[in-house]
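> Encoded as structure tokens, here's the structure I'll be asking about.
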Amino acid sequence: MTVNTFFPTDYQLHLFHEGNYFQSHQLFGAHIFNNSDQVYTRFCVWAPNAKQVRLAGDFNNWNGEGYELQKVNDEGVWILIINKDLTGKLYKYEIFTQSGERLLKSDPFAFYSEIRPNTASIVYSLKKFDWQDNQWMNRRGKKTLLSEPVVIYEVHLGSWKKKEDGEYLTYKELASELIPYVLEHGFTHIELLPIVEHPLDASWGYQGTGYFSVTSRYGTPDEFKEFVDQFHQHGIGVILDWVPGHFCKDAHGLYRFDGTHIYSYSTVSDRENAVWGTANFDLGKGEVQSFLISNAQFWIDYFHIDGFRMDAVANIIYWPNGSHEKRENPFGIDFLKKLNQHIHEYDPHFLMIGEDSTEFPNVTTPVPNGGLGFDYKWNMGWMNDMLEYMETPPYSRSNVHSNVTFSFLYAFLENFMLPFSHDEVVHGKKSLLDKMPGDYWEKFAQLRLLLGYMFAHPGKKLLFMGFELGQFAEWKDKEQLDWNLMDYEMHQKLNAYVKLLTKVYKRSKALYELDHLQDGFEWIDANNSHQSVFSFLRKGKKTEELLVVICNFTGVNYPVYRIGVPKLGEYREIFNSDQIEYGGTGLVNKKTVLAEDEPFHGQPYSLNLTIPPFGFQIIRPVKKRKERKGNGKEEVRSHVISRRKR
């Protein structure tokens, strides 16, 4: 093997410039190679308009003289091979522009970076790690999440919990505390706010500089691998918030990387993102496509990530900074299709979740069938409608009755995920609990109702950390969650309620098996605007998987309330948000209720129930089972579904 072996091939370079080199992280950046008894470190960077590129680091006193990179093709790929093992060394590219500027740039493909405010890249190898998550990865490959329960806990690692001195927990410390907490509350996945390297804590990672560099705030890349590995070993999926639409404009990052806008659009109106103060990626450029799609594959290959929640999809589908008249961006749309199709071909079970606030069609339709190819779309319309509805005083909710019913006009057009994310509990929007009108008790009762309705509504679930504590204050990104609230009775009861809600959801196939199909939902009564009581059926794949759901969005209780049902026989209340142990008044239906042969609500039968104030209830037909007697004969008898742990 010669040193020339370490140079890129013409084919690799062709694919990179074409936009089809999805392992570009294996070429670009800093890589260690062994050749017999010699160790080499190779540096490779794309800077097509640079006059000269040199390597500066702590190994040469930050003087790039004598460390010039060689230009290997006309499209601006530069390379330098040093016959030393530079693992752990700090470095930057010293780029001289055509106009005479000298820029010091972090490596766009660096695998590790200095802790902010320092900005140098660090030579780091990701090749060695002993993964122990084979069981999780095999099981993941056999599941179809469309018909599985999904409850995602959205987490900002820097403010979930902190040390006593206010410092961040490490990846190792976070895993040891977060894993048992997630398991205790019944979440199936965690979703991390962006963990790419970023200079400003207050950006929460949404303005990144190091797309291939997991943030050093909480530890090393290998320690993050261990973090993911531990979650997988405990049966918990890990999803990352990912931002392929725009990037940070800090001087050491991608912005004007070689003195020109090689990563962003050439025109100011398309490039400059006025809303976030960032620059928009040029998604029509082949090298940028290779960079971003390689980055997606990188997180799969090196960190076993289970999915992305893609931020600001609307900013990709439509040109940014436009007028009120939306203009589709063909480069962005084609990029999304190319990205989703490749990732699903590479790993069919990797989740692509689009945070799209637009009405663009077929977001979750496969690319070969004419869609964008996402697995799920955030249902922003449902979220906005429901929060507006809940913030309306109960006595006025009849005036906004359609806020609850409207989502069912489109609920099955896409594969939806229902989000109450960090965006809804920050910047003066108040916490979920504090959004609820009324006095102290009414706020808790309505939050229990809202959460119950969310879990009964078709669609997978995502909730931002702190909701389960009943935080009164909105999210404070510089502080940890208000853990002291667990010293108070009503917050303890809400927390217990959340644990039971996730448990009942995961045990009830009718609440998740047919989330994406009209067959899984049927209104019983959607028109009772006078009392603001809604009732509907949720159905599973088997006919016996049937639930009756009732939501009372006012503080009035009804000792006798008739509900139409599809079957004769006994019904049992299996869930009631008004139970005393969860902070309610105790207006529950303790005994089984017999359906009567009296049509109501368009159903052939009906039954009378007690409806509590701000109540969320789940009623199910009492199942029958055959019990074999000692004489060999069979007898059919009723039984009640136990709520004991299985």
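The values are calculated or read from the model by the stated rules, or taken from the named source; none is laboratory data. Note that this is a predicted model, so its numbers are computed, not measured. Positions of Cβ are generated from backbone atoms using ideal geometry, with glycine treated the same way; all protein chains shown enter the neighbour counts. Ligands, DNA and RNA are stripped out before the accessible areas are found, and what is left, the full protein with its side chains, is counted by its heavy atoms. Shrake-Rupley method; radii C 1.70, N 1.55, O 1.52, S 1.80 Å.
> Which of the residues spanning segment 470-495 are open to solvent by 40 Å² or more (accessible area, probe 1.4 Å), within 15 Å of HIS185 (Cβ to Cβ), touching a residue at least 24 places away in the same chain (Cβ under 8 Å) and hydrophobic (A, V, I, L, M, F, W, C)?
TRP483
> Return the residue satisfying two criteria in turn: it lies in segment 162-182 and is open to solvent by 50 Å² or more (accessible area, probe 1.4 Å) and either in contact with a strand residue (DSSP E or B) (Cβ under 9 Å, 6 or more places away or on another chain) or of a type in the set (Lys, Arg) (or both), and of such residues it is farthest from GLY219 (Cα to Cα). Quick ask: steps written out before the conclusion?
Taking segment 162-182 and keeping what is open to solvent by 50 Å² or more (accessible area, probe 1.4 Å), we get 163-165, 167, 172-173, 176-177, 180.
Add one more test, that the residue is either in contact with a strand residue (DSSP E or B) (Cβ under 9 Å, 6 or more places away or on another chain) or of a type in the set (Lys, Arg) (or both), and what stays is 163, 172.
On the way: LYS163: 15, LYS172: 8 Å.
The qualifying residue farthest from GLY219 (Cα to Cα) is LYS163.
> Run down GLN70, GLN12, GLN52 and say which single residue is surrounded by 15 or more Cβ atoms within 10 Å (Cβ to Cβ) and free of Cβ contacts under 8 Å to residues at least 40 places away in the same chain.
Working: GLN70 fails: surrounded by 15 or more Cβ atoms within 10 Å (Cβ to Cβ); GLN52 fails: free of Cβ contacts under 8 Å to residues at least 40 places away in the same chain.
Just a single option satisfies the conditions, and that option is GLN12.
> Could we say that ILE236 is of a type in the set (Val, Ile, Thr), under 23 Å from LYS476 (Cβ atoms) and in contact with a Leu (Cβ under 9 Å, 6 or more places away or on another chain) here? So that I can check it myself, show each step before the final result.
Details: of a type in the set (Val, Ile, Thr): yes; under 23 Å from LYS476 (Cβ atoms): no; in contact with a Leu (Cβ under 9 Å, 6 or more places away or on another chain): yes.
Against the criterion (of a type in the set (Val, Ile, Thr), under 23 Å from LYS476 (Cβ atoms) and in contact with a Leu (Cβ under 9 Å, 6 or more places away or on another chain)), ILE236 does not qualify.
> Would you please name the residue that is farthest from the chain's Cα centre (by Cα), looking only at residues in segment 303-330 that are of a type in the set (Phe, Trp, Tyr) and buried (at least 19 other Cβ atoms within 10 Å of the Cβ)? Even if it seems obvious, please write down each step before you answer.
In the first step, residues of segment 303-330 are kept if they are of a type in the set (Phe, Trp, Tyr); the result is 303, 308, 318-319.
Filter once more, keeping what is buried (at least 19 other Cβ atoms within 10 Å of the Cβ): 303, 308, 319.
Values: PHE303: 16, PHE308: 6, TRP319: 24 Å.
Filtering first and then ranking leaves TRP319.
> Out of (1) aliphatic (A, V, I, L, M); (2) part of a helix (DSSP H, G or I); (3) open to solvent by 20 Å² or more (accessible area, probe 1.4 Å), what's the single condition that is false for VAL275?
Result: VAL275 passes all but (2).
> All but one of (1) buried (at least 19 other Cβ atoms within 10 Å of the Cβ); (2) in contact (Cβ under 8 Å) with a residue 60 or more places away in the chain hold for TYR265, so report the exception by its number.
Among (1) buried (at least 19 other Cβ atoms within 10 Å of the Cβ); (2) in contact (Cβ under 8 Å) with a residue 60 or more places away in the chain, TYR265 violates only (2).
> Based on this model, can you work out whether GLN289 counts as assigned to a helix (DSSP H, G or I), surrounded by 22 or more Cβ atoms within 10 Å (Cβ to Cβ) and modelled with pLDDT of 95 or more?
Values: assigned to a helix (DSSP H, G or I): yes; surrounded by 22 or more Cβ atoms within 10 Å (Cβ to Cβ): yes; modelled with pLDDT of 95 or more: yes.
The answer is yes for GLN289.
> Now, a different point. Is segment 91-99 home to any residue that is of a type in the set (Phe, Trp, Tyr), open to solvent by less than 60 Å² (accessible area, probe 1.4 Å) and either within 29 Å of the chain's Cα centre (by Cα) or more than 26 Å from PHE6 (Cβ to Cβ) (or both)? Step through it out loud before you land on a result.
First, the residues of segment 91-99 that are of a type in the set (Phe, Trp, Tyr): 91, 93, 96.
Still in the running and open to solvent by less than 60 Å² (accessible area, probe 1.4 Å): 91, 93, 96.
In the following step, the residues that additionally are either within 29 Å of the chain's Cα centre (by Cα) or more than 26 Å from PHE6 (Cβ to Cβ) (or both) were identified as none.
Within segment 91-99 (the criterion being of a type in the set (Phe, Trp, Tyr), open to solvent by less than 60 Å² (accessible area, probe 1.4 Å) and either within 29 Å of the chain's Cα centre (by Cα) or more than 26 Å from PHE6 (Cβ to Cβ) (or both)), the answer is no, since none of the residues qualifies.
> Also, quick follow-up: Across segment 206-239, which residue is nearest to the chain's Cα centre (by Cα) among those that are under 15 Å from TYR168 (Cα atoms) and either modelled with pLDDT under 95 or polar (S, T, N, Q) (or both)?
In this case the residue turns out to be THR215.
> If I filter segment 541-575 down to residues being touching a strand residue (DSSP E or B) at 6+ places or on another chain (Cβ under 9 Å), in contact (Cβ under 8 Å) with a residue 60 or more places away in the chain and not in a strand (DSSP E or B), which single residue comes out as nearest to ASP597 (Cα to Cα)? Give the derivation first.
First, pick out the residues of segment 541-575 that are touching a strand residue (DSSP E or B) at 6+ places or on another chain (Cβ under 9 Å): 544-554, 556-575.
Next, only the ones that are in contact (Cβ under 8 Å) with a residue 60 or more places away in the chain stay: 544, 546-554, 570, 572, 574-575.
Next, only the ones that are not in a strand (DSSP E or B) stay: 544, 553-554.
Values: GLU544: 19, PHE553: 28, THR554: 29 Å.
Among them, the one singled out is GLU544.
> Oh, and also: With more than 21 Å from the chain's Cα centre (by Cα) and among the hydrophobic types (A, V, I, L, M, F, W, C) as the only criterion, which of LEU418, LEU409, LEU372, LEU387 stands out?
Details: LEU418 fails: more than 21 Å from the chain's Cα centre (by Cα); LEU372 fails: more than 21 Å from the chain's Cα centre (by Cα); LEU387 fails: more than 21 Å from the chain's Cα centre (by Cα).
Of the residues listed, the single one that is more than 21 Å from the chain's Cα centre (by Cα) and among the hydrophobic types (A, V, I, L, M, F, W, C) is LEU409.
> What pairs can you find where one residue is in segment 161-176 and at negative phi, the other is part of a loop (DSSP other than H, G, I, E, B) and open to solvent by less than 40 Å² (accessible area, probe 1.4 Å), and their Cβ atoms are less than 7 Å apart, with a gap of 6+ or different chains?
Cβ pairs passing all conditions: LYS161/LEU169; LYS161/LEU481; LYS162/LEU169; LYS163/LEU169; THR170/GLY219; TYR171/GLY219; LYS172/GLY219.
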